[in-house]
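Worksheet: one structure, shown below.
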Amino acid sequence: MLLTVQFLFLVLCEKCSSADYNIYFIFSASVLIKMLCILTVLMNVAAPALAAVSSSCAALQDPTVQYFDLRLPNMDVPSTSLTTYICKAFEIPLPKDQEYHAVAFEPLIANKAVMHHMILFSCSGMADEMFEKHQCGSNDNHCRTWMAQWSMGIEGVICSHNQAGVRFGGSESSQLLLQIHWNNEALKSGLTDNSGMRVYFTSKLRPYNLGHVQVGQQDVEIPPGALRHAVSGGCSGQCTQQLLPHPIHLTSAHIHMHYLGAGGWLEVVHSNGTTTQVLFDDSYDYNHPVLHVLDNIVTVLPGDYLRLTCLFSSKDGAQKRTQTIYFGEGSDGEMCYAFISYFPLVHGFDQCLQFDVHEVNCAPNGYSEYLYCISRGQQDIISHFLPAAQEACNNHETDISCDLKSTCVQAMNSLYDHKCMQGRIGHYFKTRILPSLPSWKQTAVVQDHYIKQCTQSTIM
């Protein structure tokens, strides 16, 4: 017992600071002056403990199942921002030369008023600064193996399928990253939070490794006064053909939208033309989403389309909106996602989205127009084509020639002919990305006057 406690002390305190832990030392006369370290991990990682019995999750009755807690230290919730993402890395409080299966997860919600969602990832090799609490950034993308996800309104223990567990430990998954999304809708000051996740695990590995995948549509645009406006997208047959080396079996899923969500469904459109419904929500409540545990698992084959349809209303009551609502990470925007659990795990198959008809996470023919446009294409427009149009059209806001040989018209044509300025991607750039740039505001004025002064516009 003494050796076990000493070992856990060394593991847990690898990243310890006095601000994170309160450690109490008890001296036992029976072992003379040897120290027995009893760890109380406050607002961080709790030492593994035996799992309590829960009638909602049979796995917790297994005597081999234990748990540990991951929590943020108590933190102030910003009152100047509606949306805040907080991340913190942890070393697993277990021997790192062994692998484990996480069989259930329990949200530890300290402040329900601000908690929007929470995701737990596993990885190895994170930099030391990631173990301090921080606003999530690009460095956190190093840790992307998704272990568990919780959204507001989901109550109780999230239990894995009895044939599968989320594998962690060993050299590849010795560290964990907790991502928490706060939503301070009222911009209220004085709020604090130290929420986290309880991980139930066993060293008795199950037959399959459990995986999770997020599917959905990134191109969300809801007009005012809409009633059950439909938005569809997901993981296309081209993407599952490319990303899945073998069939997978879906075990649970839930839809995630925001305040305008009114219903939705998830289905598998098989390559032979038949359809299998995974879940159906006739209505949707942002505060109480339904987690569907599938009594009959649904099989997805490479080439099948995992298609999500979300319904949004903006016409009546608390959902009434007088302006267009777009996709957004904060609750003032909207989302159309489904979070799905499946087995056996496919490494890298943790996100499969579409933007309109464009693939976000795969390139079936070696090229993705969406990925090009949000990276190289966007950079070219902002750094080259837009400044060129601004320079060529300077002082032409009210006196614009319709002559196609005009340098201003040629520059405007070059800007608007760019392939990333076409279709839904172009609409997204024109309405969501470029309006924040001063140079775009000037060219937009030029465009407006050009259309009014010329019989036929050559730039639209």
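For the range 210-342, just say rounded, prolate or oblate: build the C-alpha gyration tensor, square-root its eigenvalues into a ≥ b ≥ c, call rounded for a/c under 1.5, and beyond that prolate if a/b exceeds b/c, oblate if not. Prolate is the answer for the range 210-342, as a/c is 1.5 or above and a/b outweighs b/c.
For the range 78-130, the gyration tensor built on C-alpha atoms gives an oblate shape. Its axis ratio a/c (a ≥ b ≥ c) is at least 1.5, and a/b is not larger than b/c. Mean sequence separation of contacting Cα pairs (under 8 Å, at least six apart), scaled by the length of the range 275-375, corresponds to a relative contact order of 11 percent.
Taking a ≥ b ≥ c as the square roots of the eigenvalues of the Cα gyration tensor, an a/c ratio of 1.5 or more together with a/b no larger than b/c marks the range 313-391 as oblate. Note on the range 308-392: with charges restricted to the Cβ of Lys and Arg (+1) and Asp and Glu (-1), its dipole about the Cα centre is near 220 debye. Spacing of the modelled spin labels on Ile433 and Lys188, each 7 Å from Cα toward Cβ, amounts to 3.8 nm. Per residue, the range 93-234 exposes 39 Å² of accessible surface when a 1.4 Å probe is rolled over the protein heavy atoms with every protein chain present. Radius of gyration (Cα atoms) of the range 177-270, expressed as a multiple of 2.2 N^0.38 Å: 1.51.
Descending by average beta-carbon neighbour count within 10 Å, the peptides 222-231, 139-148 line up as 139-148, 222-231, the highest first.
Ligands, DNA and RNA left out, the accessible area of the range 293-416 computed with a 1.4 Å probe is 46% carbon and sulfur.
The values are calculated or read from the model by the stated rules, or taken from the named source; none is laboratory data. Because the structure is predicted, anything quoted here is derived from the model rather than measured. Note: ideal-geometry Cβ built from the backbone for every residue, glycine included; neighbour counts use all protein chains shown. Heads up: the accessible areas ignore ligands, DNA and RNA and are worked out on the full protein's heavy atoms, side chains in. Shrake-Rupley method; radii C 1.70, N 1.55, O 1.52, S 1.80 Å.
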